[in-house]
1. Do any residues in the range 59-79 that are among the polar types (S, T, N, Q) have Cβ atoms under 9 Å from those of residues that are part of a strand (DSSP E or B) and open to solvent by less than 90 Å² (accessible area, probe 1.4 Å), where the two are at least six apart or on different chains, and which pairs are they?
2. Can you give me the number of residues within the range 46-67 that are among the small types (Gly, Ala, Ser) and within 14 Å of the chain's Cα centre (by Cα)?
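The values are calculated or read from the model by the stated rules, or taken from the named source; none is laboratory data. Keep in mind the model is a prediction, meaning the values are calculated, not measured. For neighbour counting, all protein chains shown are included, and Cβ atoms are generated from backbone atoms with ideal geometry for every residue, glycine included. Remember, those area values only see protein heavy atoms, side chains included, never the ligands or the DNA or RNA. Shrake-Rupley method; radii C 1.70, N 1.55, O 1.52, S 1.80 Å.
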Amino acid sequence: MKSFEDILRKNNLKITKGRLALLNLLYSSHVPMNTEEIYEAVDKKSLPSFTSLYRMLNELTEKKYFKKNLYHNGLYYFEFANMGHRHYIVCDKCGKISAIENCPISDLKILQKGKQVTLLQIT
């Protein structure tokens, strides 16, 4: 992985404490994070406002370094885009997101050519 400073330079983005904090946080996270979780986790001296956070998330998502891959309870969740193929389970009661280590889709016998599963519910 290139250094975060190199990523910002390559994309003509100013190297700031806020951008570096955001890149470090999402790179080290094992699950996607929503804007509220990100804002709570970063130092407010580095990232003082939600406006700055949204701008940075949009910039780095447009540049394909982050992906907005999960929408739950009216919130988008972000993660580093180059972390590989991943799946998550979201608890309906507490909202906790957990990564699934192995891709379960390849193991499902119900998938057939030309058919699509849109909801899988485990109870």
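1. Thr61/Lys67; Thr61/Phe78; Asn69/Tyr77; Asn69/Phe78; Asn69/Glu79; Asn69/Tyr88; Asn73/Asn34; Asn73/Val90
2. First, the residues of the range 46-67 that are among the small types (Gly, Ala, Ser): 46, 49, 52.
Add one more test, that the residue is within 14 Å of the chain's Cα centre (by Cα), and what stays is none.
So the answer is 0.
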